[in-house]
Amino acid sequence: MLSSHWNRWLLCLASILLISGCSSDRTDEATTVSNLSLSSTLLNTAYPSQFVTITATVSDENGAALSNATVQFSTSLGSFSPDTVVTESSVKTDNGSQRGQASVRLYPGAQPGTATITAYVNGLRQSTTVTIEGTVVQPELPDPTTLAISSSESALYVSGVSQLESSAITIRLLTSSGAAAKDAPAGINNVRVTLVTSPNGGETLSGRQASGEVIKASQSLDVASQGGVATVTLNSGRLPGVIELSAEALNDQGQPYNPAIRATLSTISIASGPAHSIVFSYPVTDSITDLGNGIYRKLGGLLVTDRHGNPVADGTVINLGVIDSVLVSNREPVIDYGFTKTVADGLASTVQGQANLTDLSNALFQSAVITRNNTSRYIQAQDRVLLFNAQAEDKSRFVAVAPSESSRVQVNKAYQNTDAELEYLIGASLLGAQVSGTDPAKADLVSGQAITKDGNATFYLTYPADNSSILHGCLPTDIDTRQSPMASSQVWIVAEASGSGATSLNDQACFSAISPLSLSANTTAISKTSTVALQLVDQKEIALPFMPITELVSYGQNAGGLVVTVSPYCANRDDRRTNAAGYCNLDISVAGGSSGDAATITLIAGDARLDIAVSIP
């Protein structure tokens, strides 16, 4: 009886243990996951209830099918549920048709593509793929709530100057979360770009509209976005200034939203172009300063503009040079060397890419000689070569080496154009002339350079102011005999814009005297034919040579037929000009007249006037 009861108790215990062992998780006993099997390899989004069964078989270390092991399935596309998106699922083995198998169903979901399904168990994994066919469904994007506007370039130049003159303007339509907003329906423009502020120099906007056509506008332009982005090109015009742009979002009817959705951009500037023209200018009064040491300094100005006449940018560098002695030239005035004269035919030539100036008519590059400081001076390296009627970029060069040929001179830089019939001169500063300019950032003058501000620059010509130098370059070249040969006495200033090739030549800055001039005489009253000794000096008592003197005779009482005649010549001259020392002995003839007759001779030299009274006793 006891034995039977004990046996029933053991049997019950064994059953309990067996049931307990079957229900415990055995995932950690898994050693193998076989290749995943598929009921099909193809799904289609058009059939959302269609599914593929994926089965994983798990074995233990003995190769036996393993029950009650957890398999974790995941998919990159589709869903493990027909109703909601489920991309992960945990399944116990033995849920399939055979022991040790775990299965899931994959549904196509909404998006086509390739689904990668992976089974994980105890660190083991197997993957397979299922193709999901169908049409990509694009979600409906929301309306924009804000705009972002930017430019590819913030600094442009005026058009037509071979510099940057356009900027790409990008407008992004954004939702409240910062994501791209929807585009407009087909055929509708949904972004309006407007020039709020501009120099009104012909600026334009261009962009592609919803019709596909690229449109250019001068004030406002409607365009269509793609992927929430619209692009417009801003093109500069002829004037410098600041550009302010406004962008506005338009709704599905191409009309502004209410309230408006706008953004502005005001960081684009248009600068004037590189220097194209340089014009010299000189004040009429108070232009010359006496430095107090026998040296004068003359003020000059430069107006520097771009191709459209706009003032160039502040800080444009103008390089300056000066010539006060001409060694050779093929233009007027003719230079007489004694052994020959220059031929003023203007037939010199250059060849593009070659650093030579050729003058077959004169052939004087080796023999041209002038006298300075009692020394013969020939053409040397660093002498300036100026071409008057050449293109701007070829106007100024330097002699590279002393000429080895009579008709060709080598210059420091190749010419950029092939030209014939060129007028030129070669010269140097041999009489002490210096040129300097101002830099707004510096207190002192800068030698050989001037810096622009508001489109102009200031320069100074400094020169000796003694009797042997004063008025050099101011007088007709066939009058001034102080330098040999006479026509070599010329003063030229060269102004070149750094980086643009703009070059200007000017011969108006001679060694001027300081006004007012003063004309004095040994007597200012005569009653008979006399020789009057005159001297002409400037404000600083510098004697002025070779200055012309004119006269005006006016009569008072003239009952006796008084006739006063002023000689057309100064003594020892064939003209009425002061001599090299600034003197003129002038003969005045007094004829006829009776007692009480009178006349006044007004002698004029520059701005100086001297009255000489004539009276018959």
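The table below gives the values:
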read-out: P(r) histogram, all alpha-carbon pairs of region 493-532 included - 5 Å bins from 0, percent; value: 5, 14, 12, 10, 9, 8, 9, 7, 6, 6, 6, 5, 3, 1
read-out: Listed values [x] -0.51, -0.86, -1.30; [y] -0.65, -0.83, -1.17; [z] -0.51, -0.71, -1.13, entry calculated as log10 I(q)/I(0) by the Debye sum over Cα atoms at q = 0.06, 0.08, 0.12 Å⁻¹; value: [y]
read-out: Segment LEU291-ASN417, length gained on full extension (0.36 nm per residue, minus Cα span); value: 41.0 nm
read-out: Sum of -39500 (n - 2.57) over DSSP H runs of 4+, divided by residues of the chain (222 nm, nearest 500); value: -1000 deg cm²/dmol
read-out: GLN255/SER218 FRET efficiency (R0 25 Å; Cβ-Cβ; nearest 0.05); value: 0.65
read-out: Cα-centre dipole for region 213-283 with unit charges at Cβ (Lys and Arg positive, Asp and Glu negative), debye to 20; value: 280 debye
read-out: Label point at ASP507 placed 7 Å out along Cα→Cβ; residues across region 459-498 whose backbone nitrogen lies under 15 Å; value: 472-480, 486-494
read-out: Nearest 10 degrees, 0 to 90: helix 2-23 Cα axis against the chain principal axis; value: 20 degrees
read-out: Fraction of accessible area attributable to carbon and sulfur, the chain (%, probe 1.4 Å); value: 48 percent
read-out: Estimated distance in nm for a label pair at SER39 and THR145, the labels positioned 7 Å out from Cα along Cα-to-Cβ; value: 4.5 nm
read-out: Selection from GLN226, GLN253, ILE479 lying farthest towards where the dipole of the chain points positive, charges on Cβ; value: GLN226
read-out: Proximal aspartates and glutamates to LYS92, defined as alpha-carbon separation beneath 17 angstrom and excluding residues fewer than eight positions away on the same chain; value: ASP25, ASP28, GLU29, ASP60
read-out: Protection-proxy order for peptides 288-297, 158-167, 574-583, each taking the mean of Cβ atoms within 10 Å per residue, highest first; value: 158-167, 574-583, 288-297
read-out: Extended-chain gain in nm, criterion 0.36 nm per residue less alpha-carbon gap, SER269 and ALA533; value: 88.3 nm
read-out: Packing-based order for 457-466, 213-222, using average beta carbon neighbours within 10 Å, highest first; value: 457-466, 213-222
read-out: Residue among SER361, LEU291, ALA543 farthest towards the positive dipole end of the chain, charges placed on Cβ; value: LEU291
read-out: Region 472-557: GluC sites (Glu not before Pro) falling in loop per DSSP and having at most 12 other Cβ within 10 Å; value: GLU541
read-out: Computed label-point distance, nm, for sites THR375 and ILE479 using a 7 Å Cα→Cβ extension; value: 3.1 nm
read-out: Surface per residue (accessible, 1.4 Å probe) for region 497-577, Å²; value: 48 Å²
read-out: Reach of LYS298 by Cα under 24 Å, taken over lysines that are not fewer than 8 positions away in the same chain; value: LYS442, LYS453, LYS540
read-out: Difference of contour (0.36 nm per residue) and Cα-Cα distance, SER152 to GLN391; value: 82.5 nm
read-out: Overall form of region 483-617 per C-alpha gyration tensor (a/c, 1.5; a/b vs b/c); value: prolate
read-out: Probe 1.4 Å, accessible area per residue of region 74-188, Å²; value: 53 Å²
read-out: Positive minus negative residues near SER349 (Lys, Arg vs Asp, Glu; Cβ under 9 Å); value: -3
read-out: Estimated distance in nm for a label pair at ALA180 and ASN572, the labels positioned 7 Å out from Cα along Cα-to-Cβ; value: 9.6 nm
read-out: Proximal lysines to LYS413, defined as alpha-carbon separation beneath 25 angstrom and excluding residues fewer than eight positions away on the same chain; value: LYS395
read-out: Relative contact order computed over the chain (Cα-Cα under 8 Å; 6+ residues apart), in percent; value: 8 percent
read-out: Sites ALA46 and SER211 - FRET efficiency at Förster radius 30 Å, r taken between beta-carbons, to 0.05; value: 0.30
read-out: Residue-level accessible surface for THR41, protein heavy atoms, 1.4 Å, Å²; value: 90 Å²
read-out: Assigned charges on the beta-carbon of Lys, Arg, Asp, Glu; the chain dipole about Cα centre (debye); value: 760 debye
read-out: Electrostatic dipole magnitude of region 380-493 [Cβ: Lys, Arg +1; Asp, Glu -1; Cα centre; debye, to 20]; value: 240 debye
read-out: Tensor-based shape of region 393-525 (alpha-carbon gyration tensor, a/c under 1.5 rounded, otherwise prolate or oblate); value: oblate
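The values are calculated or read from the model by the stated rules, or taken from the named source; none is laboratory data. The structure displayed is predicted, hence computed values, not measured ones. Here Cβ is always computed from backbone atoms with ideal geometry, including for glycine, and neighbour counts include all displayed protein chains. Each accessible area value is taken on the protein alone, full model and side chains, heavy atoms only, with ligands, DNA and RNA left out. Shrake-Rupley method; radii C 1.70, N 1.55, O 1.52, S 1.80 Å.
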